[in-house]
Structures are given as structure tokens and as C-alpha cells.
Amino acid sequence: MQPGTLTRPELTLADRCDRCGAAAKVRAVLPSGGELLFCGHHARAHADKLRELEVDVQQGAD
């Protein structure tokens with residue numbers, strides 16, 4: 001028996017940026033398993049640090 005793969009749901013209009021409350025466009029899944037949601041602006045502003053931390057960045061549907 002193979003273990004199931006956990007997937008995260010698609011971002012919806014109800015998902016909001018953790019920094020400013022705008023519509024979330026990006027989900028950043030942390031190595032610890034937690035997640036942060038960012039609007040496009042804040043995703044770009046924190047992109048270098050997210051890459052440095054090897055965060056799994058998932059783009060939402062436009």
C-alpha cells in the first residue's frame with residue numbers, strides 16, 4: 001500500500017495575503033509544513049528570501 005500524497009487546495013478569492021489582506025496569488029509552503037499566502041506584490045518583495053529558505057512556491061490561478 002502506497003501512502004497518499006497530500007495536496008493543498010487551489011487558492012480562491014477568499015484567500016488573502018498574510019501581509020496586507022489583498023487577494024492571495026501565491027502560496028509559500030515552508031519546509032516545516034506551514035504556509036504563507038502572498039499577493040503578487042509581496043510575493044515579489046520576498047522572493048529572494050523564499051528562494052534562500054527553499055520554500056515551495058505555488059502560483060494560484062489568475
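All of the numbers you see were taken from the coordinates with simple rules; none came from a lab. Just so it is clear, the model here is predicted, and its values are computed rather than measured. Using ideal geometry, Cβ is built from the backbone for each residue, glycine included, and neighbour counts are taken over all protein chains shown.
Could you compute how fast the chain diffuses translationally, taking Rh as the Kirkwood radius over C-alpha pairs and applying Stokes-Einstein at 37 °C with viscosity 0.692 mPa s? Give it in µm² per second. Present the calculation step by step, with values, prior to reporting the outcome.
Numbers: Rh = 12.2 Å.
Value of D from the Cα-based Kirkwood radius: 269 µm²/s.
Just to confirm my understanding: which cysteines in the chain have no other cysteine beta carbon less than 4.7 Å from their beta carbon?
CYS20
Taking 0.36 nm per residue of sequence separation and subtracting the Cα-Cα distance, how much length would be gained by fully extending the chain between GLN59 and ALA47, in nm to one decimal?
Working: separation 12, 0.36 × 12 = 4.32 nm, distance 1.25 nm.
Extra length from GLN59 to ALA47 when fully extended: 3.1 nm.
Using only DSSP helix segments of four residues or longer, with each worth -39500 (n - 2.57), what per-residue ellipticity at 222 nm results for the chain after dividing by its residue count and rounding to 500?
Details: 2 runs with 12 residues, N = 62.
Per the formula, -4500 deg cm²/dmol.
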